[in-house]
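Presented below is the structure to which this report refers.
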Amino acid sequence: MKLEIKKIGDSYGVILPEEIISKFKLAEGDLIYLTEATEGYHISGLDPNFAANMEAFEETYHQYQNTFKELAK
């Protein structure tokens, strides 16, 4: 699919067709992420740092499990 870059005010944007918005269940105000890959770029509705952040949290959670339980009270 080919998309055209358009000037919008002082910025630039790409208009996504309704079929893409529907297919990926996107709505106005949702965030999408552009990440560089070896073959170009990927656009995703998922935060590319989420998995790494969750892994770091899980390590911390296991180390301080009792503290988190007390804070949750």
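From the list T67, T35, T60, which residue is under 13 Å from the mean Cα position of the chain (by Cα) and of a type in the set (S, T, Y)?
Values: T67 fails: under 13 Å from the mean Cα position of the chain (by Cα); T60 fails: under 13 Å from the mean Cα position of the chain (by Cα).
Result: T35 is the single residue among T67, T35, T60 that is under 13 Å from the mean Cα position of the chain (by Cα) and of a type in the set (S, T, Y).
Can you spot a residue in the stretch 5-12 that is surrounded by fewer than 10 Cβ atoms within 10 Å (Cβ to Cβ) and in contact with a strand residue (DSSP E or B) (Cβ under 7 Å, 6 or more places away or on another chain)? So that I can check it myself, show each step before the final result.
Narrowing the stretch 5-12 to residues surrounded by fewer than 10 Cβ atoms within 10 Å (Cβ to Cβ): 5, 7, 9-12.
Subset that is in contact with a strand residue (DSSP E or B) (Cβ under 7 Å, 6 or more places away or on another chain): 5, 12.
Taking every residue of the stretch 5-12 in turn, at least one turns out to be surrounded by fewer than 10 Cβ atoms within 10 Å (Cβ to Cβ) and in contact with a strand residue (DSSP E or B) (Cβ under 7 Å, 6 or more places away or on another chain).
Kindly list, by first and then second residue, each pair from a residue in the stretch 5-34 that is modelled with pLDDT of 95 or more to a residue that is charged (D, E, K, R) and surrounded by 10 or more Cβ atoms within 10 Å (Cβ to Cβ), limited to pairs with Cβ atoms under 8 Å and residues at least 6 apart or on different chains.
Y12/K6
Could you tell me whether any residue of the stretch 47-69 is touching a helix residue (DSSP H, G or I) at 6+ places or on another chain (Cβ under 7 Å), surrounded by 10 or more Cβ atoms within 10 Å (Cβ to Cβ) and either among the aromatic types (F, W, Y) or free of Cβ contacts under 8 Å to residues at least 60 places away in the same chain (or both)?
The answer is yes; a qualifying residue exists.
The values are calculated or read from the model by the stated rules, or taken from the named source; none is laboratory data. All values derive from a computational prediction rather than experimental measurement. Note that each Cβ is placed from the backbone with ideal geometry, even for glycine, and that neighbours are counted across all protein chains shown.
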